[in-house]
Structure formats: C-alpha cells, structure tokens
Amino acid sequence: MKKVLITDKIHEVCVNSFESAGFEVAYNTDLKPEELLKVIHEFNILIVRSATKVTAEIINSADNLEIIGRAGTGVDNIDLKAATRKGVIVMNTPGGNTISAAELAFAHIMALCRMLPQADKSMKEGRWDRKLFYGTELFGKNLGVIGLGQIGKEVAVRAKAFNMNILAYDPVASKDWAIENEVKLGELDELLAESDIITLHVPMNEHTRNLISEASISKMKDGVKIVNCARGGIVNESDVLNALNSGKISGVSLDVFEQEPPDCKELIDHKNSICTPHLGASTKDALEKVAKQISDQIMQYFSKGILAGSINADAIMYLSNKDLAPHINLAESIGRLLQKLAGDNLAYNLELSGTLLQKHSELINLGLLKGLLGERFSTPVNFINAKSLADDAGIKSSVTESSDDDHYNNLITVKFKSDEASRRISGTVMNDKPRIVAIDDYTIEFEPEGHLIFYYNIDKPGVLSKVSKILADNNINIAGLSLGRKDKGKEALTIVNVDEVINEKILSETSSIEEINGVNYIKI
C-alpha cells in the first residue's frame, strides 16, 4: 500500500480520491520543516501546494519517496535537481489554475483603474468621497502584456472584449495566435513606451528578476499603471514605490511579493497601491481542479505506468543511461547558449556525428529545446512538452546525420539563423563532462557551466588584463579562461568563467573597452 503525505491545505477531493483507490493518506498541514524531515522517510508520495518548501535536505532524507506532486503550476518551492538526482518524480498540474489566475489579474486591472478598494475603504469609514475617486476607462487604452503563456493569453482575450488595444512582448510567442487575436507583438521597449497599463505574466528567473525597475520605469508613459500577479521579484518594490511617490506610476496592483508574507509596508499602505495575499489560484474551482488533477495523475502512474504532468521523469529515465546522459546534458547546455546568442525568428539544424547520438537523435533534439526554452515559459519545459512549445513559438528545426568526425567520436553541431545572426556551436563529451569545442569559426574549449562571459576582441596584448581589472574591482573571481582566434592580431573570442553573477554595470564597463566588440553573459 502506497503512503501519501499532504502537507498543504488542499481540496478534500484529493484525499477522498486517494483513499477510495486504497492509498493510505496522512493529511498534516502543521508540520514544521524539522518535523517533515523526521517523517518523510515513511512516505511514497508527497503532495504540496506552495507553502511547503521541499528542500534538498528533505528529499535526501526521503528514502521511500517516489513522487512529489505539486497541486498547481509553479515548482519554485521544490528542489528539482535534488529530486532528479534522488530519482523522485516531480509532477505539477499545468492548466488547472489558468482561468483563476487570469481572472484575478484582470480583476486587479479593473480595480486599479476604478480605485475600488480605496472607495470601499472610504465608505466603510463612514465617508462619501465621490470626488476623490476619478477612475480610468479601459476602452481604447493600451494594455501591455509581458508574457504570452497560457495566463497571458487569457488576459489578452478578456482585455480585447473591453475594446482595449493589446501590445505584447514574448520572444517565443506564436505570431499566428497574435495575428488571429489582434494582438500586436513587439519589442519590450516599444511596449513599455506605449502602454497605459502593463500586466506581467512571466516566470521568475535571472532574466526576469527586477524586470520592472528604475531603468524600465523610465521608459514608460507618465501615469502608467502596473499589475503583477505572476511572481514576486519581477517587480522591484523599492523602485516602484519611488515611482508611485513621484507620480511616474499612477497606480500599482500586486498579488505577489519578493518576500511572502511581504515586509514592504510603505508600498502596501500607499494610497495608490492595491495588494492581495497571493490569491492567483485561490478559487474553489481552481483548488478543486488541481486537487483532482494531481491525484488522478499519480494514481494513473501507479495503475497504468502513464506519466502526465511530469517535470523531470524523462531526465530520471535517461540519466540512468551513463553513456547517453552526458550528451543530453550537453544538448541542454548548447540550448541555453543558443537562447542567449540567437534572436527572434529562430531556425536551426542539429547535425549529429556518431552512432550513439544518431540513434537517439530525437532525445538529443528535445534536450536542446529544453535548454533553449527553459527560461521562456512559466510552465516548466520538459521532454514531453518541449517540441509542442517550440512549434507554438514558431521555431523551425531539422536534424541531420553527418559522417564520423576526425577528432571526436560523438559531436553535436547546431547551425542556426535568426533575425540577428547566422552562427554555429559544436560540442562533445570528454571524460563524461560536456565541452563546447567550437563557436562560429573559432576553435575553443570550455565547460558550459556556471557564470560565463563571452566577448569578441581584437587579438592584442592587454585586453584580458583590462577585463580582469574590471572583474577584480567588482570582487569577481575568475574560475576559468578559454581563448580562440583566427589569426594573430585579428578578431578573437574570449570566454571567462567566473564565480559570481555579472550585473549590467560590469557588462557595460567591459563593453566600453576599445578593443572589445560585443559582450554576452549567460548562467548555465
């Protein structure tokens, strides 16, 4: 008999479904982390929502754990790497709370434009302050939707019903869907400059952290309104507060915060802010949907061996193949590099040399897409959904086999074209570790891992010392260095592995070096 532990509040349909199927269920939402650590070894299945933090320590203590089920979409509270290493399947319930999250975001937009919470508070305090609450119509206004995933699309459709003009930014959005739904896809700066109201629907990652900050706010219209019902940290709360105080932003509406419960009391108390306690999926409908969905998925897995909603199951399956796993990891790493180096309207050819890679060409391509798209979608990208997400994003790909390479037994080469460039990346596996061995026409060898700075420079003495000084002045330690050049004194490619995150200031200082032409930073 499988034992299920549920540690977050969940609809009773989940408990009833498991018990009806013969599972033994423990429903305990009061466990402290240290208490969960002591009992987790007793259970085969752990069900959580967002409150329980499933850390590496907890996972490593879970000797009998087979599945972690997240009754919702985001898995920020689960250590996926630790679960994968332990061989624990992580499932979520994609789509279960999409409508509820979209409706909440639109409710925030309407409440912000008509100042409904402020007017309600005034009435409850016994006042009749009609003249204080002049609102804004939605009709004819420009709504900027940043992120056109499932929730962003639903918000756009609802806004269209109010005769709003929809501007959207999403590098991997389907152009066909945008045209069909009269949504204007454009660049982020264009959206920031033209939008009357901006609503955020992107995942929280290194690319979206502080997406709304002093720099981006300065590009917006005076009096713009901001709504964030996605993830905390996408909006820089201090910068938004300053913009509220100056009048640059006329109103902000937040359902999520950098720290939850939040400590930004001045922002919460501001007369032009509306704040709710992370209610995105908090409807009876959504809670019942995700509770039923997660129990159905888990029971289906144990009864029929069918995996639905799995985040990491494919990785677990193929990581057990010691020969193939490093090449899948290499493909994912190349995909992450490709995501940074490529522009819009991407098309690529995956060229595989070596019997092992050619035999598993579909998996290698899925690994590449998983790396390429992993930071672009709020729904986790896995081996199951990567191809369909790439199709939705209009990414065109092909896979070909090449003859054996003279230098490497197995070689992955990606040749890609986009609006910005036509380029090439080649990689192989050495001593079970992924290695990039060529970028464009440069022969270069480095491990695609950690924090990497790419820059093109004129091959002359002193350039590296200038870069090293900038890094040293910012207390950044160099962990590795790779150089590639065509001819002495001509253009060269330098890749620096560093130990810390590289901020915009460091990139700007590096770009300003006279001999350097083009700088990129990527974290893998």
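The values are calculated or read from the model by the stated rules, or taken from the named source; none is laboratory data. Remember, it's a predicted structure, so these values are computed and weren't measured experimentally. As a convention, Cβ positions derive from the backbone with ideal geometry for all residues, glycine included, and neighbour counts pool all protein chains shown. Each accessible area value is taken on the protein alone, full model and side chains, heavy atoms only, with ligands, DNA and RNA left out. Shrake-Rupley method; radii C 1.70, N 1.55, O 1.52, S 1.80 Å.
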Out of the residues in the range 447-480 meeting the condition of being in a strand (DSSP E or B) and within 17 Å of Leu507 (Cα to Cα), tell me which one is farthest from the chain's Cα centre (by Cα). Asn457
Got a sec? Which of Glu449, Glu420, Glu514 is among the charged types (D, E, K, R) and over 27 Å from Glu351 (Cβ atoms)? Glu514
Hits in the range 102-146 - residues which are in contact with a Gly (Cβ under 7 Å, 6 or more places away or on another chain) and either within 19 Å of Asp196 (Cβ to Cβ) or of a type in the set (Asp, Glu) (or both): Leu112, Cys113, Arg114, Met115, Val145
Could you please give the count of residues in the range 371-381 that are small (Gly, Ala, Ser), under 16 Å from Asn92 (Cβ atoms) and open to solvent by less than 20 Å² (accessible area, probe 1.4 Å)? 0
Counting just the residues of the range 494-523 that are surrounded by 17 or more Cβ atoms within 10 Å (Cβ to Cβ) and among the polar types (S, T, N, Q), which one comes out farthest from Leu464 (Cα to Cα)? Asn497
Failed condition for Ala82, given (1) free of Cβ contacts under 8 Å to residues at least 40 places away in the same chain; (2) open to solvent by less than 40 Å² (accessible area, probe 1.4 Å); (3) outside any helix (DSSP H, G or I), with all others met? (3)
With the checklist (1) crowded, with 16+ Cβ neighbours inside 10 Å; (2) within 21 Å of Asn165 (Cα to Cα) in hand, flag the one item Asn181 doesn't pass. (1)
Consider Ala286 against the criteria (1) open to solvent by less than 60 Å² (accessible area, probe 1.4 Å); (2) among the hydrophobic types (A, V, I, L, M, F, W, C); (3) at pLDDT below 95; (4) touching an Asp or Glu at 6+ places or on another chain (Cβ under 9 Å): it satisfies all of them except one. Which criterion is unmet? (4)
For the range 237-264, what are the residues that are out of contact with any helix residue (DSSP H, G or I) (no Cβ under 7 Å at 6 or more places or on another chain), at pLDDT 95 or above and open to solvent by 20 Å² or more (accessible area, probe 1.4 Å)? Ser238, Asn242, Asn245, Ser246, Gly247, Ser250
Please determine, by comparing only the residues of the range 343-370 that are of a type in the set (A, V, I, L, M) and closer than 19 Å to Asp404 by Cα, which one is most open to solvent (accessible area, probe 1.4 Å). Leu356
Test result for Lys340, open to solvent by 60 Å² or more (accessible area, probe 1.4 Å), under 24 Å from Asp440 (Cα atoms) and modelled with pLDDT of 80 or more: yes
Take the range 24-56 and flag every residue that is free of Cβ contacts under 8 Å to residues at least 40 places away in the same chain and part of a loop (DSSP other than H, G, I, E, B). Asn28, Thr29, Asp30, Leu31, Lys32, Lys53, Thr55
So which residues in the range 382-441 are at pLDDT 85 or above, open to solvent by 20 Å² or more (accessible area, probe 1.4 Å), polar (S, T, N, Q) and assigned to a strand (DSSP E or B)? Ser397, Ser398, Thr400, Ser402
Give the number of residues within the range 57-79 that are farther than 17 Å from Lys3 by Cα and in contact (Cβ under 8 Å) with a residue 40 or more places away in the chain. 6
Would you check if Val15 is surrounded by 14 or more Cβ atoms within 10 Å (Cβ to Cβ), closer than 13 Å to Val88 by Cβ and in contact with a strand residue (DSSP E or B) (Cβ under 9 Å, 6 or more places away or on another chain)? no
Residue set Val75, Val90; condition open to solvent by less than 20 Å² (accessible area, probe 1.4 Å) and assigned to a strand (DSSP E or B); output residue Val90
The condition of being open to solvent by 30 Å² or more (accessible area, probe 1.4 Å), of a type outside the set (Asp, Glu) and under 11 Å from Leu65 (Cβ atoms) holds, among Lys3, Lys32, Lys38, only for Lys3
Is it the case that some residue within the range 356-369 is over 18 Å from the mean Cα position of the chain (by Cα) and in a loop (DSSP other than H, G, I, E, B)? yes
Cβ pairs under 9 Å, 6+ apart, first in the range 355-366 and closer than 14 Å to Asn329 by Cα, second hydroxyl-bearing (Ser, Thr, Tyr) and assigned to a helix (DSSP H, G or I): His360/Tyr318; Leu363/Tyr318
Look through the range 149-172, keep the residues that are among the aliphatic types (A, V, I, L, M) and under 13 Å from Pro203 (Cβ atoms), and return whichever of them is most open to solvent (accessible area, probe 1.4 Å). Ile151
Does the range 104-113 contain any residue that is open to solvent by less than 10 Å² (accessible area, probe 1.4 Å), under 23 Å from Gly144 (Cβ atoms) and within 22 Å of the chain's Cα centre (by Cα)? yes
Restricting to the range 125-148, and then to whatever is of a type outside the set (Val, Ile, Thr) and crowded, with 17+ Cβ neighbours inside 10 Å, can you tell me which residue is nearest to Leu389 (Cα to Cα)? Leu148
For the range 448-461, give me each residue that is at pLDDT 90 or above and either touching a Cys at 6+ places or on another chain (Cβ under 8 Å) or open to solvent by 10 Å² or more (accessible area, probe 1.4 Å) (or both). His451
